[in-house]
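Every read-out reported here was derived from the displayed coordinates using simple, explicitly stated rules and does not represent laboratory data. What you are looking at is a predicted structure, and each value in this text was computed from that prediction instead of being measured. Here the Cβ positions follow ideal geometry from the backbone for every residue, glycine too, while neighbour counts run over all protein chains shown.
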């Protein structure tokens, strides 16, 4: 059954700050709209109420406080609520639970403790027709309070009800949520305190250090010395020795005891009088200083006076509705302020300038310095005992309605969610991070960190619960007991042992304020590591990884769970005491292969992330070796990435593991990473030869060639050169032709040695010679000639297979012709002798051209090949680096070859015309006109003649321009010379050279435009000073 409406489930979480005070508008009627309470209006009312509870204004004009109360009443009635038990049908709710339920063991049973879904003493198994509904319990609580609770408190209670609803989805969690936080240890038992005096009852206690004071109803004060026995916290005990017994003569019970250790004073409230006594001998101070008319008092633990030799005391005066503030010194008291309150105070706590008061009907915060008060929430002092407890700076713990322990700041804000304790709590104490509450039968412990109930201790007839400097003391009327907190670390370990990771972490974080920083960091890191292993065992890998990171886990702790992953040489020993309970992964997964695979996948991912971080510093070998083993075992593609990058894999362990899993290529990479290239190549060659099987790379042969290409060990290259060339001449030659640039510059491989090696491999030899001649441009005749001969032999061989290899023949001839044209280093006549007698006419023409026998070359091109385009191209490339007359000579020779043929072929005549028309600039028109036959028409040569005329006219005009410019420059120089000659220069024996400062010994001198006169040899001197340089650099700087 799930009763909470969706609108309530969307309310703010308990972690959000709530304003407990009621604003003026909250107390006034906001309208009369109460439709939500009417039958059938439940959902709309719930939505409207949820909006109001979240602190947002209603959209309707009303939204009155009365409407909220009415909605609660209607909701509770509609659900047939009876303190958490809900009738499944729609019949009216019975006035009490069914008779089949055993009667509660208490007169007023408390709300279910946090994490518990049943009352103490009530059978959790419901009778037929009834169901347990935590939300209904919350609604019941709201129904009880709706008549007199302020909106601020009600909103907080709504949150509590929603919290109960959510927690109600899990049943019977009381045992699962328990934590052994305290042990109850007797301190002062009845016999030691009162002997056989049965009527003596304990009224109050005070503890200051080892000093324990007890006030009784017979007007006596007992002083004990409290000694803690040195033993483990689980067996802590106390020895108590009675020091003094002081009887006061008031014949009234001792109402309150407070120690002021700085003043060595004990403040005793008895018969409405606060007496100052010596802490050690319990004697009143000689001056008799005292405070009269006090019904209760408290000390300001955050005093504002600034005087270390006094304490601030706040009393509730016997005067009606009066609070008084005093300064108490060693021998005197001084009243500071008197305040009036709206109602009679029932309890008080003070912090700084702020008083937290439990009045007759409500709690308030009062600033005694400014007089400003802040209402918190109402309660009835007649129904239950108020509790006001200072829990921290400007924060108080209050016993709220419905069994809620509510936190409130001086601003009226609750920064923590309330704790759920009994309705009849009689005392509360703080021992961070716990709030301890006392009722008639139990001591309950709640966490301030998550507001969950952690422990319940049976304790009957208790009526005093107080904390003194972290020590929690509880008392009945006859004895005193101490709640000894177990070390937080022990509590955390208990939580971790029961796999309650979140609670353990919350508790650990909360313990930071009570533990020295360095010690806390060590403890917290270990807790994170333990929590990480718990999450890891539950296969919660993302959470485990974050915990491992936060705890800076030595990753070898995790690796050690996996058998055989750590290297045999590793010195790692697991942390003691151990971080987990597992021997290895087999025990953790109980042999489940699927879980084991997931764990290995996680470790691979985690090791890959941390291997390059500070986490792996100091043991990178262990990390990388373990990662390699995981990759190899699973066949992961990242194995090769690991080995080709910088790594610290240990050779011995890794090699054996890779060989075991037949990862031979990866093993070769490992050898290479460790400088054992010979072993790597030997292994890879075996794979290529088929001696061993490894399909990692299908292109392993090419990989070996690349490896040898960049290999610095030349002996190794020579060792495997024959093998790579035998498998592929075209690819194998790369080991010589694709060496790194630095090696090429150093000529690390002698070309003669390489050629000697390649003589058995013609394809490789050709490619290597091409590399030398065409790429590296080696200027050696033997390489050029050798390459030309190889090209020629290949062409001749292919010509014999012309029908089958026509395409290859064309390519080979093109390479031969290109080499013959571009290279000037081969032996021309040697090649020409080899070509003689073949039909390689074009190649012969190229060779004749190289010999400057252009007439023979042109004759072959024109008459044997009849390739007129090739003839023109021949003239062009043979004259590229020559002067213009040489170029014209070649074209005239070609024209003559066309015109002087013994046969008057029309084809040659047309070739001659085309030559003239296409290259008019290369010919002398006058000579051409003498050569051409008279029978040619002007129309035929019109293009040539126009081009020649245009070129001649252009040349003439350019010459005239150049002549004009030369004349102008000459005129400028002549003008400057005339001007210089017009200025007389006087040379006397007193005039000195401006450079060497020596007099002139002969009439020869040099004069600069600025009038300076120097020796001729000084002027010729290239090392002139900067001043002279400046003058000489000017345009007019001529002599």
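Things to note:
- Cβ-to-Cβ counts within 10 Å put 938, 372, 876 in ascending order as 938, 372, 876, the fewest first.
- Full extension of the chain between residue 522 and residue 726 gives 66.9 nm of extra length, using 0.36 nm per residue less the Cα-Cα distance.
- Rel. contact order, % - alpha carbon contacts under 8 angstrom, at least six apart, region 779-851: 36 percent
- Considering only alpha-carbon pairs that sit under 8 angstrom and 6 or more positions apart, the relative contact order computed for region 266-317 is 28 percent.
- Point-to-point label distance, residue 264-residue 805, nm (Cα→Cβ direction, 7 Å offset): 12.2 nm
- Size-normalised alpha-carbon gyration radius of region 887-1021, reference 2.2 N^0.38 Å: 2.17
- Extending 7 Å from Cα along the Cβ direction at residue 620 and again at residue 460 yields two label points whose distance is 7.1 nm.
- Förster radius 25 Å - calculated FRET efficiency between residue 886 and residue 829, Cβ distance, rounded to 0.05: 0.65
- Footprinting exposure proxy ranking of 370, 477, fewest other C-beta atoms within 10 angstrom first, gives 370, 477.
- Equivalent ellipsoid dimensions for region 329-485 as semi-axes, Å, which come from the Cα gyration tensor, largest first: 26, 19, 16
- Report note on the peptides 427-436, 824-833: ranked by the mean count of other C-beta atoms within 10 Å, highest first, their order is 427-436, 824-833.
- For region 487-553, average projected area of the Cα convex hull in nm²: 4.0 nm²
- Computed as a quarter of the hull surface, the mean projected area of the alpha carbon convex hull for region 717-770 stands at 3.4 nm².
- Two-decimal ratio, region 853-963, of alpha-carbon radius of gyration to 2.2 N^0.38 Å: 1.11
- One decimal place: the segment residue 956-residue 741 gains 72.0 nm when fully extended, by the rule 0.36 nm per residue minus the C-alpha distance.
- Fewest-first sequence of 199, 190 by Cβ atoms within 10 Å of each Cβ: 199, 190
- At full extension, residue 931 and residue 235 could sit 237.2 nm farther apart than now, given 0.36 nm per residue minus the alpha carbon distance.
- Among 701-708, 258-265, the order from most to least packed when residues are scored by Cβ within 10 Å on average: 701-708, 258-265
- Surface/4 of the Cα convex hull for region 779-851, nm²: 4.4 nm²
- Rounded if a/c under 1.5, otherwise prolate or oblate - region 182-486, Cα gyration tensor axes: oblate
- For region 975-1005 and region 571-596, distance of Cα centres in Å: 107 Å
- Three principal axis lengths of region 540-609 [C-alpha, angstrom, descending]: 30, 26, 24
- Extent along the principal axes, Cα only, for region 459-614: 66, 34, 27 Å, with the longest axis given first.
- Summarising the label geometry, the points placed 7 Å from Cα in the beta-carbon direction at residue 592 and residue 760 lie 6.3 nm from one another.
- Short to long, the 5 Å bins of the Cα pair-distance histogram for region 229-317 hold 3, 12, 20, 20, 16, 10, 10, 6, 3, 0 percent of all pairs.
- Computed from the C-beta positions of residue 184 and residue 217 and an R0 of 25 Å, the FRET efficiency is 0.55 to the nearest 0.05.
- Inter-centroid distance (Cα atoms) of region 796-856 relative to region 207-273, Å: 124 Å
- For region 898-974 and region 479-527, distance of Cα centres in Å: 109 Å
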